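Written below as structure tokens is the structure these notes are about.
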Amino acid sequence: MKRIATLTVLMLSFWLTALAQYDFLTAHRGVIKGGYDFWVYTPEDYYFSQEQTPVVIFLHGASLCGRDINRSRRYGPLDAIVKGRDIPALVIVPQNPGGAWSPKKIFDVLEWTRKHYPCDSTRVYVMGMSLGGYGTLDFAGTYPNRVAAAIAMCGGCSLKDVQPLGEVPLWIIHGTADRAVSVNESKKVVNALKDKHNDKRLRHDWWRGANHGAPARVFYSKKAYEWLFSHSLTDKNRPVRHDIHITQSELKNVYRDMMKNVPPPEVVEE
């Protein structure tokens, strides 16, 4: 009986140690030569579901550019996790030191993460706003066969050819009263896809009277992640889901269903 009890204690200790390795943020600096520094968040149950874990890439706006990687946590999915939002995914947050987002450098971060963190490569999602909205569309349009779905807010697209975006289930959101980036920037993308009858995977919302920062609360919405996670590269014909809606009015209460009194993930510096 003592041997059984001892074995039980050892096994419990092993599992607790294994579980303790997850639910934390790890900062990766200088691991990609000439590339972005970035955070990787590993969800609490990652130990048990590594190869089935989806990936969310978040691209921040111009206000968070710089060399202090902690700036990239001021809003977005990582801040939502700290506030209690459960996001069962690897969350990758690169920091842009300045200028336009580079699709190639974002891809390098994704590939580095895939090599070091087992995950579901058929369920890679991208979301961003403002400069990050441009980065989202530029990345998805450059690598449409690597992105299962994307949400781009209050941005636009700098690609000469936006038609590859028609291959990606895509949700574009922009406020009509945005003075920082005109809603016309998003409309250019939508109209270009519609003109070529290439919009069957596209949905878009023009939020009447909404300013530039209004869509930021989408990052804290449970529905946003539900919508993303419902898409996969393995879906036949890759249809876009239209039955999940996020309205301006409901975002006023977006924090209400977050888990309360949840300890924030441990931060690990590398």
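Within the stretch 99-125, take every residue that is of a type in the set (Phe, Trp, Tyr) and assigned to a loop (DSSP other than H, G, I, E, B) and give me the one that is modelled with the highest pLDDT.
Let us first name the residues in the stretch 99-125 that are of a type in the set (Phe, Trp, Tyr), namely 101, 107, 112, 117, 125.
When the remaining residues are screened for being assigned to a loop (DSSP other than H, G, I, E, B), the result is 101, 117.
Numbers: Trp101: 98, Tyr117: 95.
Going through the qualifying residues, I end up with Trp101.
Residue check: is Lys188 outside any loop (DSSP other than H, G, I, E, B) and open to solvent by 90 Å² or more (accessible area, probe 1.4 Å)? Outline the logic, then answer.
Values: outside any loop (DSSP other than H, G, I, E, B): yes; open to solvent by 90 Å² or more (accessible area, probe 1.4 Å): yes.
So Lys188 fits the description; yes.
Taking the criterion of being among the hydrophobic types (A, V, I, L, M, F, W, C), part of a strand (DSSP E or B) and either surrounded by fewer than 17 Cβ atoms within 10 Å (Cβ to Cβ) or at pLDDT 95 or above (or both), would at least one residue in the stretch 257-268 satisfy it? Write out each step before concluding.
Of the stretch 257-268, the ones among the hydrophobic types (A, V, I, L, M, F, W, C) are 258-259, 262, 267-268.
Applying the additional criterion that residues be part of a strand (DSSP E or B) yields 267-268.
Now narrow it down to the ones that are either surrounded by fewer than 17 Cβ atoms within 10 Å (Cβ to Cβ) or at pLDDT 95 or above (or both): 267-268.
Within the stretch 257-268, one or more residues are among the hydrophobic types (A, V, I, L, M, F, W, C), part of a strand (DSSP E or B) and either surrounded by fewer than 17 Cβ atoms within 10 Å (Cβ to Cβ) or at pLDDT 95 or above (or both).
What pairs can you find where one residue is in the stretch 175-204 and more than 21 Å from His245 (Cα to Cα), the other is in a strand (DSSP E or B), and their Cβ atoms are less than 6 Å apart, with a gap of 6+ or different chains?
Leu193/Leu202
Please go through the stretch 25-79 and pick out each residue that is open to solvent by 30 Å² or more (accessible area, probe 1.4 Å), under 21 Å from Gly135 (Cα atoms) and aromatic (Phe, Trp, Tyr).
Passing the criteria: only Tyr75.
Return the only residue of Ser72, Ser130 being of a type outside the set (A, V, I, L, M, F, W, C) and closer than 15 Å to Thr26 by Cα. I'd like the intermediate steps shown before the answer.
Working: Ser130 fails: closer than 15 Å to Thr26 by Cα.
Just one listed residue meets the conditions, Ser72.
Quick test for you: out of Gly141, Gly128, Gly209, Gly135, pick the one residue that is buried (at least 18 other Cβ atoms within 10 Å of the Cβ) and outside any helix (DSSP H, G or I). Outline the logic, then answer.
Details: Gly141 fails: outside any helix (DSSP H, G or I); Gly209 fails: buried (at least 18 other Cβ atoms within 10 Å of the Cβ); Gly135 fails: outside any helix (DSSP H, G or I).
Checking each option against the conditions leaves just Gly128.
The values are calculated or read from the model by the stated rules, or taken from the named source; none is laboratory data. Because the structure is predicted, anything quoted here is derived from the model rather than measured. Cβ coordinates were reconstructed from backbone atoms using ideal geometry, including for glycine residues, and neighbour counts include every protein chain displayed. These area figures cover heavy atoms from the full protein model, side chains too; ligands, DNA and RNA do not enter into them. Shrake-Rupley method; radii C 1.70, N 1.55, O 1.52, S 1.80 Å.
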